[in-house]
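Encoded as structure tokens, the structure appears first; notes follow it.
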Amino acid sequence: MRAIHTASLKGLASMSEEEKLWIYNGLDCCVTAEVLGALLPQLDETTQATYDFSLSLQAPALEMKLRGVLIDQEHRDEVTRQYKATIARLSNSLTRIVREGIGLDDFLWSSPTQLKRLLHDVLGIPPLKKQSKTTRQWGPVVDRDTLEQLSVHFYAQPIVSHVLRLRELTKKVGVLQTDIDSDGRMRTSYNIAGTTTGRFSSSLSDYGTGTNLQNIEELLRSIFVADPGMKLAYIDLEQAESRLVGAIEYNLFDDSRYLDACESGDLHTAVCRLAWPNLPWTGDFKTDRITAERPFYRGHSYRDMAKKLGHGTNYGGKPFTMSKQTHTDTATVAEFQSAYFRAFPAHQRWHQRVAQTLRTQGCLTTLTGRRRWFFGRRDDDATIREAIAYDPQGSVGDILNRGMLQVWRANQCQLLLQVHDAILVQYPQHNEDRILPYLFHCIEVPLQLRGGRTFVIPAEAKTGWNWSVASEINPDGLIKYKGRDTRTRIRPAPTELDRSLHPLLLRAALA
């Protein structure tokens, strides 16, 4: 092969495709080595530890990426057909409403331009304008938040309800129809340095299949199943970010009120009592938990919204913003935050401490020793809120990944997915009661706080044969592990023969 002067790369047009690939890969290796040589001398004790830890995560990340998760393709097709049937029914209903009720024949609900024309030009509803993130221009939009605000208009309500539901279902079908590999598994590609907090990010696999498997919603998880003879465990850290906020405040101010609240029971139900004091609270833990689980908005309970209120307030969220995120009026959020800060005054001290450190130093170091520089305006509210959230989110990511690394090194199970604050693993089902307690020991990573206090985020596991929550229609789903699960697998795992026959059976069904 001829020598190439890579400083100018002249003559590329006359080269063969093979030569271009050699040049591309050679430059990739050489430039990476040059960058490493420039960066290593700049590492100090803190950043060296972060670098070494990131390197150690490459092996489990690569293993998860190569293994993937088995997909029940027959069940996936069943769910897809159900969603498509619902889409067709709702689309026909919306077409009839628009044609017979309004007199507009050529309406396509999936077109934002046509939707804007219907709402603003035909129905005469004043538009709500937002600034585009790409063009920076202000104009009418039809995103979810805007449509929900427009739905207060009588004639818009049925149209908006149909469009929002159709969008949800179409998105679900898109996820369900994600390409899987020839062995019947769906894969994702992890980026260890994909976020500024140290958490993983993910995207489609290196083969162009799969998708971001860290954001698969609960309703779609039943298609992800355990291999034959194996069982799934979804292990997460309980109230992880809230506990980290408490640990940070204890370390800074010797104020343990919030950490004690986190460790004493159900924090989110307690927050729910502060947010909605007029609900029929009894003071009994189990009864109040049932009250907090009452439906509130789009499948979310009061407790779910209390969790959002607590997290948002912990991270400096203002009443107006929090009211939109929790679909609660601004006055209620303001009253809640006033009571919340009275109960946990260290929150505001912590916010002020972060803002001061940001202004004077421009960088923050988490409880787990991860340093980050902030390049936005140091007195800007958005930068300050980002800085406030950095330590809890970054520390949770590091603790989870340390635990995941220990789980991988223990070699007692197979890692399948890393999902922000949780991991999905599979293990021989007959060894469940031996393996799971050991996995808890691995993933519960202790930190030492001031005064010798040991801080541990407890882990819990839900086990089953598919990744969705168990129900009457999903008996193989996940239930909380309390030892000795007496269930047996109802729906058998897809075999290699099933995967081979599936395309033929599918074509025959569609014929």
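Side notes on the structure shown:
- Among residues of the range 203-214 being free of Cβ contacts under 8 Å to residues at least 40 places away in the same chain and of a type outside the set (Val, Ile, Thr), the one that is surrounded by the most Cβ atoms within 10 Å (Cβ to Cβ) is 204.
- Any hit, the range 262-270, residues being more than 25 Å from the chain's Cα centre (by Cα), modelled with pLDDT of 85 or more and not charged (D, E, K, R): no
- Here 98, 141, 122 are screened, and the one residue that is surrounded by 13 or more Cβ atoms within 10 Å (Cβ to Cβ) and either aromatic (Phe, Trp, Tyr) or in contact (Cβ under 8 Å) with a residue 40 or more places away in the chain (or both) is 98.
- Some residue of the range 45-59 being in the same structural domain as residue 417 (by TED's automatic domain parsing) and outside any helix (DSSP H, G or I): yes
- Qualifying residue in the range 414-421 (condition: modelled with pLDDT under 95 and assigned to a strand (DSSP E or B)): yes
- Residue selected from the range 272-281 under the condition out of contact with any Phe, Trp or Tyr (no Cβ under 7 Å at 6 or more places or on another chain) and modelled with pLDDT under 90, by the criterion nearest to residue 454 (Cα to Cα): 277
- Residues of the range 174-193 that are surrounded by 16 or more Cβ atoms within 10 Å (Cβ to Cβ) and in a helix (DSSP H, G or I): 175, 176.
- Taking the listed residues 459, 470, 410, the one that is within 27 Å of residue 491 (Cβ to Cβ) and of a type in the set (Gly, Ala, Ser) is 470, with no other qualifying.
- The range 144-172, subset in a loop (DSSP other than H, G, I, E, B), farther than 14 Å from residue 98 by Cα and in contact with a helix residue (DSSP H, G or I) (Cβ under 9 Å, 6 or more places away or on another chain), residue modelled with the highest pLDDT: 153
- Looking across the range 92-133, just one residue is touching a strand residue (DSSP E or B) at 6+ places or on another chain (Cβ under 6 Å) and among the polar types (S, T, N, Q), and that is 131.
- Taken over the range 462-511, the criterion of being β-branched (Val, Ile, Thr) and either at pLDDT below 90 or part of a loop (DSSP other than H, G, I, E, B) (or both) is satisfied by 473, 486, 488, 490, 495.
- Any hit, the range 98-106, residues being within 16 Å of residue 164 (Cβ to Cβ), in a helix (DSSP H, G or I) and more than 31 Å from the chain's Cα centre (by Cα): yes
- Checked against (1) crowded, with 19+ Cβ neighbours inside 10 Å; (2) in a helix (DSSP H, G or I); (3) more than 22 Å from the chain's Cα centre (by Cα), residue 231 meets all criteria but (2).
- Residue in the range 119-132 that is of a type in the set (A, V, I, L, M), over 30 Å from residue 225 (Cα atoms) and in contact with a Pro (Cβ under 8 Å, 6 or more places away or on another chain) present: yes
- In the range 276-324, of all residues being touching a helix residue (DSSP H, G or I) at 6+ places or on another chain (Cβ under 9 Å) and aliphatic (A, V, I, L, M), the one that is nearest to residue 143 (Cα to Cα) corresponds to 322.
- Which listed residue, of 372, 349, 385, is at pLDDT 95 or above and either assigned to a helix (DSSP H, G or I) or on the phi > 0 side of the Ramachandran plot (or both): 349
- Which listed residue, of 70, 62, 57, is closer than 30 Å to residue 402 by Cβ, exposed (fewer than 15 other Cβ atoms within 10 Å of the Cβ) and at pLDDT 95 or above: 62
- Within the range 220-250, the only residue that satisfies the criterion of being over 29 Å from residue 412 (Cα atoms) and at pLDDT below 95 is 242.
- Cβ pairs under 6 Å, 6+ apart, first in the range 144-162 and not assigned by TED's automatic domain parsing to the domain that holds residue 98, second loosely packed, with under 13 Cβ neighbours inside 10 Å: none
The values are calculated or read from the model by the stated rules, or taken from the named source; none is laboratory data. Computed from a predicted model, the values in this text were never measured in an experiment. Reconstructed Cβ throughout: ideal geometry from the backbone, glycine too, with neighbour counts over all protein chains shown.
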